[in-house]
Amino acid sequence: MATSRDRLGAVEAEESSSRQGYSGVELVLSSDSATPAPLCPHGPTLLFVKVNQGKEETRRFYACSACRDRKDCNFFQWEDEKLSGARLAAREAHNRSCQPPLSQSQCVERY
């Protein structure tokens with residue numbers, strides 16, 4: 001009788017073999033809190049990795065966590081991209097301009 005560990009190993013091996021020749025984007029789950037994720041108007045972004053078929057080379061980037069298909073939010077930043085102070089200030093101003101005029105608690109009090 002196969003143990004759950006044996007079955008897990010078989011599933012991981014199957015997933016690994018099915019990814020050969022895979023191109024696309026995968027979510028990166030990182031516990032590194034030393035580098036906080038940049039913010040878009042919808043909140044913290046997610047870190048993704050671009051995977052190319054048959055190539056070892058990958059590239060990591062941040063995108064909106066709420067609107068990942070980029071139709072509603074076009075936030076995009078390479079992980080290794082260095083932003084100027086002016087660009088960071090412009091991003092913060094844009095994020096503030098996209099916020100609703102009242103917070104959730106203010107809406108509850110008002111209505």
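Just so it is clear, none of the values below were taken in a lab; they were calculated from the coordinates. Everything quoted here is computed from the prediction, not taken from an experiment.
Applying 0.36 nm per residue to the separation of ALA90 and ASP72 and subtracting their alpha-carbon distance, the gain on full extension is 4.6 nm. Which whole-number percent gives the relative contact order of the range 46-85, counting Cα pairs below 8 Å spaced six or more residues apart? Relative contact order of the range 46-85: 33 percent.
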